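For reference, the structure discussed in these notes is given below.
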Amino acid sequence: MGSRLTRVCIMVEGQEGVTWSEWMTLAMACEKLGFDGLFRSDHYQSLKGGAPRDALDAWMTIAALAARTKRIRLGTLVSPVTFRHPAVLAKSVAAADHISGGRVEVGLGAGWFEREHRAFGFPFPASGERLEMLGEQMEIVHRLLDRSEGRVTFRGAHYQLDSCEALPAPLHDPHLPLILGGDAGPRSSRLAVRWADEYNVLFCGPTRCREVRVRLDEECMRAGRDPSTLPLSLMTGTVVGTDDAEVRAQVARMMVSESESGSPASYVEHLRDRGWIVGRVDQVLEQMAMLATAGISRVMLQMVAHDDLESLELLGREVVTGVATL
């Protein structure tokens, strides 16, 4: 089992006070430094405690960045099914795709942050019902963003469409890429095989990634789908430094912001145990190589400190170029 890991993206938690000016700086840096794409979370409220933080709408941000960039891919990891009707989501995604010239992807998930739903008045059904909604939304969004579909009629338990013709069609041919995020349970895996163009897992080490890759391969074979048409990607946190002291210093700052106690050296190991990619450039590349062997074809590196442009430049200068030689 192997993979050609050639794509490295940046992922930003946009609900944690990222301003429009910072989004522009991040996007321009990603363009310059050779990253494959810039992805963002889709939340309306900070996931942390303490003082409230600004949270620009995900798809408004992506559409605006699409008009100001030329190369990088843009998308969500992931848009909860509870936030938008699938037809509305598909229209927003298609608009951003046209603005970008065909560089947009959409990630979908069942949603999980109950407090955010209560605050904004979104219904938050039980997990089983949210998974049912996810299944229906995957089909609807896929079909509405497929150039060959024409008018779409759908009758489900949660959504109904009557001869819906979503124009303009996306620029992608035959359809706009759809990413499913989850933990690769049986239901999620079957859904991915049916409708997704990529499966994304969170904070997983090589062993877990290999297990997911095997499960997806088995589901693809049962469904008569070529497993190579369903790539596996990973979204995980990252801390990179030029030497061990710099790595520990960055981790120490993170510990202060997260109100964590203990030594930075111990916390480095804690992060690695949680699936983070942490260390010097050579250590990061070693971890990337292990992920490639486990079946990962694209990595979305979460920038917790979204204003840390020095780390972003180091990742682009050393890691993006290094990954190309794996």
Whole angstrom only: what separates the Cα centroid of the stretch 248-326 from the Cα centroid of the stretch 23-93? 21
Using the heavy atoms of the protein chains and a 1.4 angstrom probe, tell me the accessible area per residue for the chain in square angstrom. 43
Take the chain, connect every pair of alpha-carbon atoms lying under 10 Å apart with a spring to form a Gaussian network, then pick out the residue of Pro80, Pro52, Pro264 with the largest mean-square fluctuation. Pro52
Of the convex hull enclosing the alpha-carbon atoms of the chain, the direction-averaged projected area in nm² is 16.0
Could you give the angle, 0 to 90 degrees to the nearest 10, between helix 264-273's Cα long axis and the longest principal axis of the Cα atoms of the chain? 30
Please compute the length gained on full extension between Ser257 and Arg274, using 0.36 nm multiplied by the number of residues separating them and subtracting their Cα-Cα distance. 4.3 nm
Phi to ³J(HN,Hα) by Karplus 6.51 cos²θ - 1.76 cosθ + 1.60 over the stretch 281-291, Hz, x for Gly, Pro: 4, 5, 5, 4, 5, 5, 5, 4, 4, 5, 5
Angle, helix 86-100 long axis vs. longest principal axis of the chain, Cα atoms, 0 to 90°, nearest 10? 60
Below 24 Å, Cα to Cα, which lysines can Lys91 reach? Residues fewer than 8 away in the same chain don't count. Lys70
With a cap of 10 neighbouring Cβ atoms within 10 Å, and only residues DSSP puts in a loop, list the GluC sites (Glu not before Pro) found in the stretch 5-68. none
Plugging the Kirkwood radius over Cα pairs into Stokes-Einstein for the stretch 29-125, at a temperature of 4 °C and a viscosity of 1.567 mPa s, what D comes out in µm²/s? 91
Out of the total accessible area of the chain (probe 1.4 Å, heavy atoms of protein only), what percent is carbon and sulfur? 52
Relative contact order computed over the stretch 115-165 (Cα-Cα under 8 Å; 6+ residues apart), in percent: 22
For the stretch 217-326, what is the convex hull volume of its Cα atoms per residue in Å³? 115
What is the gain in length, in nm to one decimal, between Arg115 and Asp162 on full extension, counting 0.36 nm per residue of separation less the C-alpha to C-alpha distance? 13.6 nm
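Need the full-extension length gain, Leu47 to Thr25, defined as separation in residues times 0.36 nm minus the C-alpha distance. One decimal, nm.
Full extension from Leu47 to Thr25 adds 5.6 nm.
The values are calculated or read from the model by the stated rules, or taken from the named source; none is laboratory data. All of these numbers come straight from a predicted model, not from anything done at the bench. Here Cβ is always computed from backbone atoms with ideal geometry, including for glycine, and neighbour counts include all displayed protein chains. Note: accessible area is taken over every heavy atom of the protein model, side chains too, but ligands, DNA and RNA are not part of it. Shrake-Rupley method; radii C 1.70, N 1.55, O 1.52, S 1.80 Å.
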